[in-house]
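S.K.: Submitted below is the structure of interest, expressed as structure tokens.
The values are calculated or read from the model by the stated rules, or taken from the named source; none is laboratory data. The structure displayed is predicted, hence computed values, not measured ones. In this analysis, Cβ positions are derived from the backbone assuming ideal geometry, glycine residues included, and neighbour counts consider all displayed protein chains. Just the protein is used for accessible areas: all its heavy atoms, side chains included, with ligands, DNA and RNA removed. Shrake-Rupley method; radii C 1.70, N 1.55, O 1.52, S 1.80 Å.
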Amino acid sequence: MENFINQENLEDIRELIESRIADIPGEAILIGAIGTLLLSTYLHKKGNTQAASLIGKLAIPIAGIGLAKYKDLIKSQIESFQDSAKESLLNTTDSVL
């Protein structure tokens with residue numbers, strides 16, 4: 001059987017995943033990660049340990065994706081705030097001169 005995930009395909013897979021989740025807010029993905037943890041805990045308490053383990057393992061990559069998207073959002077907001085602060089500072093110095 002051929003290994004479908006190799007170095008050549010890894011970049012394509014990453015781009016496919018990023019394009020599919022581009023419209024989903026980071027907060028929603030983080031809430032989904034918390035939901036998978038809660039579902040995993042519930043299944044574990046009910047005795048479905050294999051299902052709980054599988055779903056619990058999904059929470060880590062989901063949380064990582066959500067944090068990455070949230071970090072990008074915060075970074076863009078900081079950059080826009082810095083740009084507006086620079087513009088207002090330039091406008092203030094122009095009016096003083």
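S.K.: How many residues are open to solvent by 70 Å² or more (accessible area, probe 1.4 Å) and either touching a Gly at 6+ places or on another chain (Cβ under 9 Å) or assigned to a helix (DSSP H, G or I) (or both) if we restrict to segment 1-22? Quick ask: steps written out before the conclusion?
M.R.: Taking segment 1-22 as the starting set, the residues that turn out to be open to solvent by 70 Å² or more (accessible area, probe 1.4 Å) are 1-5, 7-8, 10-12, 14-20.
Checking the rest, the ones that are also either touching a Gly at 6+ places or on another chain (Cβ under 9 Å) or assigned to a helix (DSSP H, G or I) (or both) come to 7-8, 10-12, 14-20.
The qualifying residues number 12.
S.K.: Separate question: Can you tell me how many residues within segment 23-50 are open to solvent by less than 60 Å² (accessible area, probe 1.4 Å) and out of contact with any helix residue (DSSP H, G or I) (no Cβ under 7 Å at 6 or more places or on another chain)?
M.R.: Here is the first cut: in segment 23-50, the residues open to solvent by less than 60 Å² (accessible area, probe 1.4 Å) are 26, 28-30, 32-33, 35-36, 40, 43, 47.
Imposing the further condition that a residue be out of contact with any helix residue (DSSP H, G or I) (no Cβ under 7 Å at 6 or more places or on another chain) reduces the set to 28, 35, 47.
So the answer is 3.
S.K.: With the checklist (1) in contact with a helix residue (DSSP H, G or I) (Cβ under 8 Å, 6 or more places away or on another chain); (2) open to solvent by less than 60 Å² (accessible area, probe 1.4 Å) in hand, flag the one item Ser76 doesn't pass.
M.R.: (1)
S.K.: Continuing with the same structure: Is it the case, given these coordinates, that Ile62 is in contact with a helix residue (DSSP H, G or I) (Cβ under 7 Å, 6 or more places away or on another chain), surrounded by 10 or more Cβ atoms within 10 Å (Cβ to Cβ), assigned to a helix (DSSP H, G or I) and of a type outside the set (Lys, Arg)? Full working, then the answer.
M.R.: On the way: in contact with a helix residue (DSSP H, G or I) (Cβ under 7 Å, 6 or more places away or on another chain): yes; surrounded by 10 or more Cβ atoms within 10 Å (Cβ to Cβ): yes; assigned to a helix (DSSP H, G or I): yes; of a type outside the set (Lys, Arg): yes.
In short, yes.
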